[in-house]
Amino acid sequence: MHTVTPYTVRRILCCLTLALLPLLLSCESSDTTRQTYAEKQQAYFPVERVDYVRPASLITALRDTSSSFWVDSVFNTLTPEERIAQLIVIEAFSDQGAAYEADVLNLVKRYKVGGIIFFQGGPVRQAILTNRYQAASKVPLFISMDAETGIGMRLDSTVQYPFQQMLGAVADNGLIYAMGAEVAAEFKRLGMHVNFAPVADINNNPNNPVISYRSFGENRKDVTAKSLAFMRGMQENDIIAVAKHFPGHGDTDVDSHHDLPVIPFARERLDSLELYPFRELIKQGLGGVMVAHMHIPQLDSSANLPSTLSKPIVTGLLKEELGFEGLVFTDAMVMKGVTKHFEPGVAEARALVAGNDVLERLKSVPKAIMAIKAAIRRGEITQDEIDRRCKRILTAKQWVGLDNYTPIDLNNLYEDLNPSAADSTNSAIAEAALTLLNNRKSMLPLKQKRGLRIATLSIGARRTMAFQREVKERAKTTDFVISRKAKAKKTRKLWKKLQQYDVVLVGLYGPSIRPSNNLGYSKEARELVQKLAASNKAVITLFDNAYALNQFPGIEKSKSLLVAYQPHFHAQEAAAKLIFGKIPARGTLPVTVNRYYAYGDGISKDKPLITAKNPLATR
């Protein structure tokens, strides 16, 4: 028989207390469901609480090295591996079905990744998924999108604004600011926080396969001013703007999605041109920069090394020399520009060593985390440095309001994402961008004389287009449509019919709603355009990439030539208005197309086309 001493009793009570502690904590948790995330963490990791005063800018928030209550409390719940995962943004689609969605959910729950970048799908489906992923996440997720033209670039049933080439033709940068502010409002309504825009690349290479119409143009000051307007429109409305593709992707003839471009230019050229917009945006408080996958021997001579993995470029140039204090994002780590020479995992580890804060779109999250942990063990990067970047991410999350996360309200979502203000802004931009390059013998505005026979023709369309319908509201017309792949029999038959008309209003369209680098016209279709241009009775409007003028030999001979940049409804409506004198021509070319049409060209009420550049065009 054992004697029970007071000491034995105390030990038994102690053991019982330890055994019941998880249950007690669980009960406490169930009683505090209305507490915020940070308040719950206070029970485990006490931190002196000071009410958060949100800084005016993300840069100001990131400069403050004294972490807030929320940042510290969340950080203290994370394991070293989870702190690595906070630096990872994974991709998600809302149109891929249940199995795909379960895979994304698994990455969120199992690895505690820091964010999601959404691509194609629908707004309601994305909102439902965002709520589901956020509910499953240990830490509120950064939600981002590559939305250079707004969320309509990725989602159906939403507003799509113009690509940047059209914006480059607009003189009033206030319209670009307004667009940025409206994009920000739509982002917030859809529970998103980061937009990978604007494109700050200077596109001075007509053969650029990846930037082209995504750039504001070829002039460094114009690109900077318009990038700044777009950035401010978003950031002054609480969305983080991420300028891309550092240090400048505008003069390449290789698409980094498919290979590693080489930028051979000397440092002096890079300083004066490619780096100029980034340097100026950084001075004005740019929140994020995306680094491109390009090999730049003048900045880092290491063989086949993408700029994303280069410490001299990311840390040395971007952070130290240019003084960038915001968040540095890699371009997608699934692109051939990085995967061609570096294995998954190895690439992500090297990207963090180089100085990037956020890894975007990985081949394999577990491989990346394993490789980064191995790099820490080898001393290539320290856990302290990982922790510092993790706290920066948490600071940015607090700045966008994730410390008080609330689910997306699905009520009236479609209506809220299609505001009347967006329609007005799109109309204003389209009208301001229209660029009149030829107007021989003052053909425009078109004067409707009695008996004037007018035909409209859409080339590259399958049905009557909005431009033709808008023209018909202003004049009696006969409408024709022909494929961009049309062969000789059809083009000859159409040409014969067009001889009956005094004026032919021609719309040229590409294969997609977005501008194209190659319109894909057949030889016969191009010859039809050439005949129309030489006919002395055609008004030709290009509803596509301005560089596409080069795909139509002889188009410079047209009596009137108009560039509308895109085929969306507002551009087609604006072209019809201009042709009949309802609005003036105000746009100018943001790029040099060829020897006939150079940067800055455009006939307007105040500025005629300089005839020396195009002797075939007169006022």
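The values are calculated or read from the model by the stated rules, or taken from the named source; none is laboratory data. Here the structure is a predicted model, which means the values were calculated and not measured. Note that each Cβ is placed from the backbone with ideal geometry, even for glycine, and that neighbours are counted across all protein chains shown.
Just checking, how many residues over the range 576-593 are touching a residue at least 60 places away in the same chain (Cβ under 8 Å) and either farther than 15 Å from E473 by Cβ or touching a helix residue (DSSP H, G or I) at 6+ places or on another chain (Cβ under 6 Å) (or both)?
11
Do we have any residue at all in the range 150-163 that's part of a strand (DSSP E or B) and buried (at least 22 other Cβ atoms within 10 Å of the Cβ)?
yes
Residues to consider are L286, L281; find the one that is part of a loop (DSSP other than H, G, I, E, B) and either aliphatic (A, V, I, L, M) or in contact with a Ser or Thr (Cβ under 8 Å, 6 or more places away or on another chain) (or both).
Answer to the selection: L286.
Please work out if V539 is more than 27 Å from the chain's Cα centre (by Cα), under 12 Å from I459 (Cβ atoms), assigned by TED's automatic domain parsing to the domain that holds V481 and at pLDDT 95 or above.
Values: more than 27 Å from the chain's Cα centre (by Cα): yes; under 12 Å from I459 (Cβ atoms): no; assigned by TED's automatic domain parsing to the domain that holds V481: yes; at pLDDT 95 or above: yes.
Spelling it out, it is not the case that V539 is more than 27 Å from the chain's Cα centre (by Cα), under 12 Å from I459 (Cβ atoms), assigned by TED's automatic domain parsing to the domain that holds V481 and at pLDDT 95 or above.
Just name the residue that is farthest from F119 (Cα to Cα) out of those in the range 166-203 that are among the β-branched types (V, I, T) and assigned to a loop (DSSP other than H, G, I, E, B).
V170
Somewhere in the range 327-347, is a residue under 21 Å from P261 (Cα atoms), in contact with a His (Cβ under 7 Å, 6 or more places away or on another chain), buried (at least 18 other Cβ atoms within 10 Å of the Cβ) and hydrophobic (A, V, I, L, M, F, W, C)? It would help to see each step written out before you state the result.
First pass over the range 327-347, keeping only residues under 21 Å from P261 (Cα atoms): 328-344, 346-347.
Pick out the ones that are also in contact with a His (Cβ under 7 Å, 6 or more places away or on another chain) and you get 331, 335-338.
Those left that are additionally buried (at least 18 other Cβ atoms within 10 Å of the Cβ): 331, 335, 337-338.
Next, from what is left, pick out any that are hydrophobic (A, V, I, L, M, F, W, C): 335, 338.
Within the range 327-347, one or more residues are under 21 Å from P261 (Cα atoms), in contact with a His (Cβ under 7 Å, 6 or more places away or on another chain), buried (at least 18 other Cβ atoms within 10 Å of the Cβ) and hydrophobic (A, V, I, L, M, F, W, C).
Within the range 433-467, work out how many residues are assigned to a helix (DSSP H, G or I) and over 22 Å from the mean Cα position of the chain (by Cα).
Residues in the range 433-467 being assigned to a helix (DSSP H, G or I) and over 22 Å from the mean Cα position of the chain (by Cα): 5 in total.
Test A332 against the stated conditions and say whether it is closer than 27 Å to V210 by Cα and assigned by TED's automatic domain parsing to the domain that holds P123.
yes
Across the range 282-309, which residue is nearest to H245 (Cα to Cα) among those that are buried (at least 24 other Cβ atoms within 10 Å of the Cβ) and small (G, A, S)?
A292
From the list Q134, Q120, which one is surrounded by 20 or more Cβ atoms within 10 Å (Cβ to Cβ) and not assigned by TED's automatic domain parsing to the domain that holds Q572?
Values: Q120 fails: surrounded by 20 or more Cβ atoms within 10 Å (Cβ to Cβ).
Unique residue meeting the criteria: Q134.
Where residues in the range 468-503 are part of a helix (DSSP H, G or I) and aliphatic (A, V, I, L, M), which of them is farthest from P445 (Cα to Cα)?
Among those residues, the one meeting the criterion is A488.
Show the residue pairs meeting these rules: Cβ distance below 8 Å; 6+ apart or different chains; first residue within the range 372-397 and outside the structural domain of V353 (by TED's automatic domain parsing) and on the phi > 0 side of the Ramachandran plot; second residue of a type outside the set (S, T, Y) and surrounded by fewer than 21 Cβ atoms within 10 Å (Cβ to Cβ).
Listed by first residue and then by second, the contacts come to nothing, as the list is empty.
Quick one: R232 ticks every box in (1) part of a loop (DSSP other than H, G, I, E, B); (2) surrounded by fewer than 24 Cβ atoms within 10 Å (Cβ to Cβ) bar one, so which box is it?
Among (1) part of a loop (DSSP other than H, G, I, E, B); (2) surrounded by fewer than 24 Cβ atoms within 10 Å (Cβ to Cβ), the lone unmet condition for R232 is (1).
Here are Y597, Y565: which of them is at positive phi, buried (at least 24 other Cβ atoms within 10 Å of the Cβ) and not in a helix (DSSP H, G or I)?
Result: Y565 is the single residue among Y597, Y565 that is at positive phi, buried (at least 24 other Cβ atoms within 10 Å of the Cβ) and not in a helix (DSSP H, G or I).
Give the number of residues within the range 289-316 that are in a helix (DSSP H, G or I) and under 28 Å from D238 (Cα atoms).
Residues meeting the conditions: 3.
Condition first: assigned to a loop (DSSP other than H, G, I, E, B) and either surrounded by fewer than 19 Cβ atoms within 10 Å (Cβ to Cβ) or without any contact (Cβ under 8 Å) to a residue 40 or more places away in the chain (or both). Now tell me which residues in the range 521-548 satisfy that.
S522, S535, N536, K537, D544 - these are the residues of the range 521-548 that are assigned to a loop (DSSP other than H, G, I, E, B) and either surrounded by fewer than 19 Cβ atoms within 10 Å (Cβ to Cβ) or without any contact (Cβ under 8 Å) to a residue 40 or more places away in the chain (or both).
I'd like to know if the range 237-259 contains one or more residues that are at pLDDT 95 or above, surrounded by fewer than 20 Cβ atoms within 10 Å (Cβ to Cβ) and assigned by TED's automatic domain parsing to the domain that holds L299.
Within the range 237-259, one or more residues are at pLDDT 95 or above, surrounded by fewer than 20 Cβ atoms within 10 Å (Cβ to Cβ) and assigned by TED's automatic domain parsing to the domain that holds L299.
I'm checking my understanding of the structure. Among residues of the range 493-520 that are at pLDDT below 95 and not small (G, A, S), which one is surrounded by the most Cβ atoms within 10 Å (Cβ to Cβ)?
Going through the qualifying residues, I end up with P515.
Of the conditions (1) farther than 20 Å from S535 by Cβ; (2) surrounded by fewer than 18 Cβ atoms within 10 Å (Cβ to Cβ); (3) hydroxyl-bearing (S, T, Y), T395 fails just one. Which one is it?
Just one mismatch for T395, condition (2).
Go through (1) surrounded by 17 or more Cβ atoms within 10 Å (Cβ to Cβ); (2) in contact (Cβ under 8 Å) with a residue 60 or more places away in the chain for I263 and report which single condition fails.
Every listed condition holds for I263 apart from (2).
Hey, does the range 208-229 have a residue that's part of a loop (DSSP other than H, G, I, E, B) and under 12 Å from G180 (Cβ atoms)?
Among the residues of the range 208-229, not one is part of a loop (DSSP other than H, G, I, E, B) and under 12 Å from G180 (Cβ atoms), which makes the answer no.
It is to be established whether one or more residues within the range 404-418 are farther than 30 Å from N106 by Cα, out of contact with any His (no Cβ under 8 Å at 6 or more places or on another chain), of a type in the set (D, E) and not in a strand (DSSP E or B).
yes
What's the number of the only condition in (1) surrounded by fewer than 22 Cβ atoms within 10 Å (Cβ to Cβ); (2) within 25 Å of A92 (Cβ to Cβ) that E360 fails to meet?
E360 satisfies every listed condition except (1).
Looking at the structure I just gave you, is D51 surrounded by fewer than 17 Cβ atoms within 10 Å (Cβ to Cβ) and among the acidic types (D, E)? Give the steps one after another, and end with the answer.
Values: surrounded by fewer than 17 Cβ atoms within 10 Å (Cβ to Cβ): yes; among the acidic types (D, E): yes.
So D51 passes the test.
Could you tell me which residue of the range 372-392 is nearest to L62 (Cα to Cα), considering only residues that are assigned to a helix (DSSP H, G or I) and hydrophobic (A, V, I, L, M, F, W, C)? Break it down into steps so the answer makes sense when it comes.
Within the range 372-392, the first condition is being assigned to a helix (DSSP H, G or I), and the residues that meet it are 372-378, 383-392.
Now restrict to residues that are hydrophobic (A, V, I, L, M, F, W, C): 372, 374-376, 386, 390.
Numbers: I372: 24, A374: 28, A375: 26, I376: 24, I386: 15, C390: 12 Å.
In this case the residue turns out to be C390.
Please give the number of the condition Q551 fails out of (1) modelled with pLDDT under 95; (2) within 29 Å of K496 (Cα to Cα).
(1)
Sort out which residues of the range 149-207 are over 20 Å from R514 (Cα atoms) and of a type in the set (F, W, Y), and write them in order of number.
Across the range 149-207, the qualifying residues are Y177, F187.
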